[in-house]
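Undergrad: My structure is below; once you've seen it, I'll send some questions.
The values are calculated or read from the model by the stated rules, or taken from the named source; none is laboratory data. Only a predicted model underlies this, so the values are computations on that prediction, with no experimental measurement involved. Here the Cβ positions follow ideal geometry from the backbone for every residue, glycine too, while neighbour counts run over all protein chains shown.
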Amino acid sequence: MSVTTEEVEYIADLARLQFEQDELEDLAEDMNQILDYMEKLGELDTGDVEPLEHVVDLEFRYRPDETEEPLDHDEALKNAPDADSDYFRVPRVIE
């Protein structure tokens, strides 16, 4: 399978991208190298290889889900750069 510059230009148009002609040629060459590599990988005999969920055998370590006392209201507002008696004060975003 080979990718032409016209196909790259079509794909770029779908993605709303614009490239110069030399960039289209470079992209076509890069895509063709990728496809050649994928074909080479397709030639490998993987019949004896067990399918994996991930390349590295990871063991997830979750922290225990333990309840804690919530922060006191004054403690939560203690480090706020600007607060009134009940709330965090932040700069207005919408005028």
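Undergrad: For region 1-25, which residues satisfy the criterion of being outside any loop (DSSP other than H, G, I, E, B) and out of contact with any Leu (no Cβ under 8 Å at 6 or more places or on another chain)?
TA: Once the filter is applied, which keeps residues that are outside any loop (DSSP other than H, G, I, E, B) and out of contact with any Leu (no Cβ under 8 Å at 6 or more places or on another chain), region 1-25 yields GLU6, GLU7, TYR10, ILE11, ASP13, LEU14, GLN21, ASP22, GLU23, LEU24, GLU25.
Undergrad: Right, something else. Picking from ALA28, ALA76, ALA80, which residue would you name as being in a helix (DSSP H, G or I) and either over 30 Å from ALA12 (Cα atoms) or at pLDDT below 90 (or both)?
TA: ALA76 is the lone residue from the list that is in a helix (DSSP H, G or I) and either over 30 Å from ALA12 (Cα atoms) or at pLDDT below 90 (or both).
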